[in-house]
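**Student:** The structure follows.
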């Protein structure tokens with residue numbers, strides 16, 4: 001009962017926010033609806049028992065991708081009414097692509113339904129949920145069997161980071177940075193001089 | 001209960017040492033800044049030399065580790081030695097260049113080190129996934145290296161072109177891998193090989209398509225025709241020491257990977273891939289020779305030359321025998337020395353107002369810098385394959401092997417392979433024109449300007465030693481160990 005209520009709640013909000021993503025006038029609202037859609041899809045994944053994907057969806061899509069979208073939308077000065085102008089003109093081709101996608105989805109769905117039970121390869125068997133959670137199952141493979149590949153992926157990401165810094169970082173001259181060491185090491189003599197001024201002569 | 005979760009790390013000690021070394025040097029460089037570039041370069045070379053020693057001392061039969069994703073045998077050892085020597089020499093050669101150009105960046109040697117690590121993993125890959133990981137680690141580092149002089153328009157163009165085409169080739173390779181996994185049910189080379197050999201009927205069409213796509217992805221990396229388009233632009237645009245690095249180490253690693261992919265998982269399908277290899281080999285030899293004739297830039301010329309040489313090396317694979325593989329291994333060893341020497345000469349082409357890289361700039365070199373002219377002359381003759389220089393013997397072993405295969409079949413002589421050898425020799429004659437042209441320019445044209453005296457002793461030593469090796473390859477003291485190790489390396493894959 002609660003399961004069904006949760007499912008319909010998440011599903012309705014997902015569909016509703018997905019529609020709002022493409023129909024709202026303000027692009028910032030679109031991105032916010034997109035985030036709402038992501039959160040509700042994550043809820044659907046939890047209902048499916050795929051809690052790892054749900055977490056990844058929130059962390060990666062909401063935490064990184066949507067925030068990046070937000071940055072782009074707010075930083076770039078794009079005239080959205082200008083972009084919308086061709087809507088009527090591109091409707092036929094867009095509709096055609098949509099229809100093809102729909103037909104393909106239906107084909108996949110019916111084909112799957114007709115093909116009968118899938119035989120699972122024992123090498124890729126998924127452990128039962130009451131024995132081991134998804135996260136644990138993925139982790140126990142990733143850190144044992146695929147530890148080598150995991151480490152290699154880490155090195156590739158390190159190279160990507162070095163590469164981004166090498167290709168874009170520039171040392172700008174004239175930037176004033178706080179150097180705490182210099183501040184602490186500063187002595188009274190560095191800051192001011194005591195000058196004895198003779199009366200009537202000034203500092204020349 | 002002595003079972004442990006830790007895999008056997010011993011076969012990968014070299015790679016682990018390199019990874020830790022790269023990270024330690026990165027920290028060192030970050031704290032010391034670009035003024036530590038020279039020290040970081042020297043330490044990088046030291047890490048490579050230590051890894052070389054670790055690799056040389058590993059002298060065992062095939063050992064698999066990391067769930068059979070990683071293999072070490074005599075073939076991988078030999079190829080890793082070549083890769084490490086080429087990379088260490090590239091680091092040595094780059095030091096003076098970046099100092100002269102005032103573009104010293106401590107990340108450069110570290111990226112070379114990480115690229116070399118990727119190549120080591122490529123050479124040792126025994127699984128489609130470790131293949132891809134090694135390839136990407138190598139390629140990603142190379143893309144950055146190509147445009148490390150980010151203020152130069154040519155270098156940026158080279159980096160971008162290399163990146164876009166490299167990403168495309170990776171995509172093709174991944175698509176092929178997914179097809180192979182889908183149709184065979186495993187990504188492991190050994191398991192794929194066993195499954196295909198046990199199949200009652202021939203391999204599925206999906207496996208063949210997958211294999212051809214993987215082959216195409218790898219052909220990009222070795223720049224074999226028809227996947228060579230990026231090579232001239234990248235070679236010309238990248239800074240010269242980077243080109244010197246590109247020309248040797250990645251080629252050796254990708255070729256080693258190609259050989260393993262062809263012989264271990266797809267050994268049963270040799271009929272399918274021999275056609276592809278024969279075509280790529282023919283087309284590379286012909287294009288490498290013909291297109292180079294009109295080049296005026298020496299780096300571009302070396303790019304076409306390397307395409308041609310890859311064609312000659314592929315002849316060894318087309319032979320499909322242990323002798324052919326031995327020929328390929330010998331060819332790569334000789335190619336390494338020739339290319340490193342030639343690029344040492346190109347790096348010494350510096351006038352008062354900067355680097356020059358046109359062939360016409362070499363005019364009269366014999367009068368102004370006779371020693372360098374003599375060395376470059378030897379390299380050119382060797383690249384052309386004139387006996388008794390080493391380059392000739394490289395071609396000799398691959399062509400001998402392919403002719404032996406062609407006539408070995410008692411039923412019918414394989415005229416396709418004989419044609420391959422004949423056209424190969426003809427292409428080598430055409431290629432001799434542009435190599436000899438450089439010699440003519442150096443020795444018979446009037447000098448127009450003088451190169452400044454090369455300060456770097458390392459560069460002079462590399463030039464001298466590789467020229468001497470080219471000349472003296474005929475001596476049994478020099479060629480016997482190479483031939484013996486090459487035989488053992490080839491025997492590790494084909495018995």
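Every number in this text was worked out from the coordinates using simple rules, so none of it is lab data. All values derive from a computational prediction rather than experimental measurement. Every residue, glycine among them, receives a Cβ derived from its backbone with ideal geometry; neighbour counts consider all protein chains shown.
**Student:** Rounded to two decimals, what is Rg over Rh for the range B:129-252 when you use alpha-carbon atoms and the Kirkwood radius?
**Tutor:** Rg divided by Rh gives 1.08.
**Student:** Let me ask another. Please compute, for peptide A:143-152, the average count of beta-carbon atoms on other protein chains lying within 10 Å of each residue's beta-carbon.
**Tutor:** For this peptide, the per-residue mean of nearby foreign Cβ atoms is 6.
**Student:** Just want the ordering: B:309, A:169, from fewest to most Cβ atoms lying within 10 Å of their own Cβ.
**Tutor:** The fewest-first ordering by Cβ neighbours comes to A:169, B:309.
**Student:** Based only on other Cβ atoms within 10 Å, what is the fewest-to-most ordering of A:1, B:470?
**Tutor:** The order, fewest Cβ neighbours first, is A:1, B:470.
**Student:** Would you mind getting me the FRET efficiency between residue A:3 and residue A:73? Use the beta-carbon distance for r and R0 = 35 Å, nearest 0.05.
**Tutor:** It comes out at approximately 0.45.
**Student:** Let's test the formula: R0 of 25 Å, r as the Cβ-Cβ distance of residue B:494 and residue B:56. What FRET efficiency results, to the nearest 0.05?
**Tutor:** So, using R0 = 25 Å, E works out to roughly 0.65.
**Student:** So, in nm, how far is label residue B:465 from label residue A:153 when the simple model puts each one 7 Å beyond its Cα toward the Cβ?
**Tutor:** A separation of 4.1 nm, rounded to one decimal place.
**Student:** Hey, fewest Cβ within 10 Å first, where do B:251, B:400 land in order?
**Tutor:** B:400, B:251
**Student:** Rounded, prolate or oblate for chain B? Axes are the square roots of the Cα gyration tensor eigenvalues, ordered a ≥ b ≥ c, and the cut-off for rounded is a/c under 1.5.
**Tutor:** The shape class here is oblate.
**Student:** Whole angstrom only: what separates the Cα centroid of the range B:326-390 from the Cα centroid of the range B:208-223?
**Tutor:** The distance from the Cα centre of the range B:326-390 to that of the range B:208-223 comes to 31 Å.
**Student:** Return P(r) of the protein assembly as shown (all Cα-Cα pairs; 10 Å bins starting at 0; whole %; ordered from short to long distances).
**Tutor:** Each 10 Å bin holds this share of Cα pairs: 3, 12, 21, 22, 17, 12, 8, 3, 1, 1, 0, 0, 0.
**Student:** Is the shape of the range B:284-341 rounded, prolate or oblate, going by the alpha carbon gyration tensor and its root eigenvalues a ≥ b ≥ c, with a/c under 1.5 for rounded and a/b larger than b/c for prolate?
**Tutor:** oblate
**Student:** Sort out for me the Cα centre separation of the range B:44-88 from the range B:264-316, rounded to whole Å.
**Tutor:** First find each Cα centre; the distance between them is then 26 Å.
**Student:** Starting from the exponent 0.38 and prefactor 2.2 Å, build the expected Rg for the range B:113-180 from its residue count and divide its actual Cα Rg by it.
**Tutor:** 1.21
**Student:** Over the Cα atoms of the range B:269-495, what is the Rg over Rh ratio if Rh follows Kirkwood?
**Tutor:** Expressed as Rg/Rh, it is 1.02.
**Student:** Now, a different point. Based on the mean of other Cβ atoms within 10 Å per residue, sort peptides A:41-53, A:133-145 so the most packed one is first.
**Tutor:** Output ranking for A:41-53, A:133-145: A:41-53, A:133-145.
**Student:** What full-extension length gain, to one decimal in nm, is calculated for residue A:65 and residue A:184 as 0.36 nm per residue of separation minus the Cα-Cα distance?
**Tutor:** The residue A:65-residue A:184 span can extend by a further 38.7 nm.
**Student:** Give the average, rounded to an integer, of partner chain Cβ atoms located within 10 angstrom of each Cβ in B:138-147.
**Tutor:** Mean partner shielding for this stretch: 4.
**Student:** Can you compute the FRET efficiency between residue B:181 and residue A:144 using 1/(1 + (r/R0)^6), with r the Cβ-Cβ distance and R0 = 25 Å? Round to the nearest 0.05.
**Tutor:** After rounding, the FRET efficiency stands at 0.75.
**Student:** Rounded, prolate or oblate, given the Cα gyration tensor of the range B:28-171, with a/c below 1.5 counting as rounded?
**Tutor:** The shape class here is oblate.
**Student:** For residue A:107 and residue A:88, calculate 0.36 nm times their separation in residues minus their Cα-Cα distance, and state this gained length in nm to one decimal.
**Tutor:** Here the answer is 3.9 nm.
**Student:** Sorted by average packing, counted as other Cβ atoms within 10 angstrom per residue and highest first, what order do B:287-299, A:155-167 take?
**Tutor:** Ranking the peptides B:287-299, A:155-167 by packing returns B:287-299, A:155-167.
**Student:** Take every Cα pair under 8 Å in the range B:269-495 that's 6+ residues apart, average their separations, divide by the length, and report that relative contact order as a whole percent.
**Tutor:** Answer for the range B:269-495 is 30 percent.
**Student:** Also: So for the range B:369-434, considering every pair of alpha-carbon atoms, how many percent are separated by more than 14 Å?
**Tutor:** Of all Cα-Cα distances in the range B:369-434, 64 percent exceed 14 Å.
**Student:** Can you give the relative contact order of chain B as a percent, counting alpha carbon pairs under 8 Å and 6+ residues apart?
**Tutor:** 15
**Student:** Taking every Cα atom in the range B:408-493, find the radius of gyration and the maximum pairwise distance Dmax, and write them in Å.
**Tutor:** When restricted to Cα atoms, the range B:408-493 yields Rg and Dmax of 20.4, 63 Å.
**Student:** Using only Cα atoms, what Kirkwood radius does chain A have, in angstroms?
**Tutor:** Its Kirkwood hydrodynamic radius stands at 24.3 Å.
**Student:** Using a basic spin-label model with each label point 7 Å from the Cα along Cα→Cβ, how many nm lie between residue B:450 and residue A:26?
**Tutor:** 7.5
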